[in-house]
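Please treat every number below as a calculation from the coordinates, not as lab data. All values reported here derive from a predicted model rather than from experimental measurement. Here Cβ is always computed from backbone atoms with ideal geometry, including for glycine, and neighbour counts include all displayed protein chains.
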Amino acid sequence: MPESVTLSAAREVVDAARAKADEIGVPMNIAVVDEGNNLTAFARMDGAFSQSIDTSLMKAMTAPSYGIPTGDIAAGIDLKLAIATQGKRINLPGGLPIIVDGHVIGGIGVGSGTGEQDRQVANAALASLAGAKRFG
């Protein structure tokens, strides 16, 4: 079992996310972090909203911190989380933890579409990693 997302795996995840974004016709910002929330790979597709650069990274960092998809953090807690971290953790949909064999090894954050599109692209990206948990 891998302990962390490697650069090679992060690139695979980014490539899979880009392919799904192309398929649905929505350019995205895609961030992948390791288990320590260190940025491992990033891509801004041509035409993706520049304002979503920061939010894609924050989503990627939030999801593995809690082990659940962003957008699924309970109401009220999400606001306290944002305040306590000075906006570094957010609850916008599109962030997924990367979980292999029950262990969080990193996270992916996608932004520039609707919340549903962002989550769809992130989930498709997880399919590129053998054994990674997927979220509906």
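Observations on the model:
- Mean ellipticity per residue at 222 nm, deg cm²/dmol - from DSSP H runs of n ≥ 4 across the chain, formula -39500 (n - 2.57): -12500 deg cm²/dmol
- Ranked by the mean number of other Cβ atoms within 10 Å of their residues, highest first, the peptides 59-68, 23-32 fall in the order 59-68, 23-32.
- Highest average first, the peptides 105-112, 4-11, 78-85 ordered by how many other beta carbon atoms sit within 10 Å of their residues are 105-112, 4-11, 78-85.
- Global geometry of the range 33-75, whether rounded, prolate or oblate, following the gyration tensor of its Cα atoms and the 1.5 cut on a/c: oblate
- Take every Cα pair under 8 Å whose residues are at least 6 apart in sequence, average their separation, divide by the length of the chain, and the relative contact order is 29 percent.
- Projecting the Cα atoms of T85, L129, H103 onto the charge dipole of the range 5-134 (Cβ charges, centred on the Cα centre) puts T85 farthest toward the positive pole.
- Debye-sum result for the range 6-47 in log10 I(q)/I(0), which assumes one identical scatterer on each alpha carbon, at q = 0.21 Å⁻¹: -0.62
- Three-way shape label, the range 45-136, alpha-carbon gyration tensor, a/c 1.5: oblate
- Qualifying aspartates and glutamates (Cα of each under 15 Å from Cα of K80; at least 8 residues distant if same chain): D72
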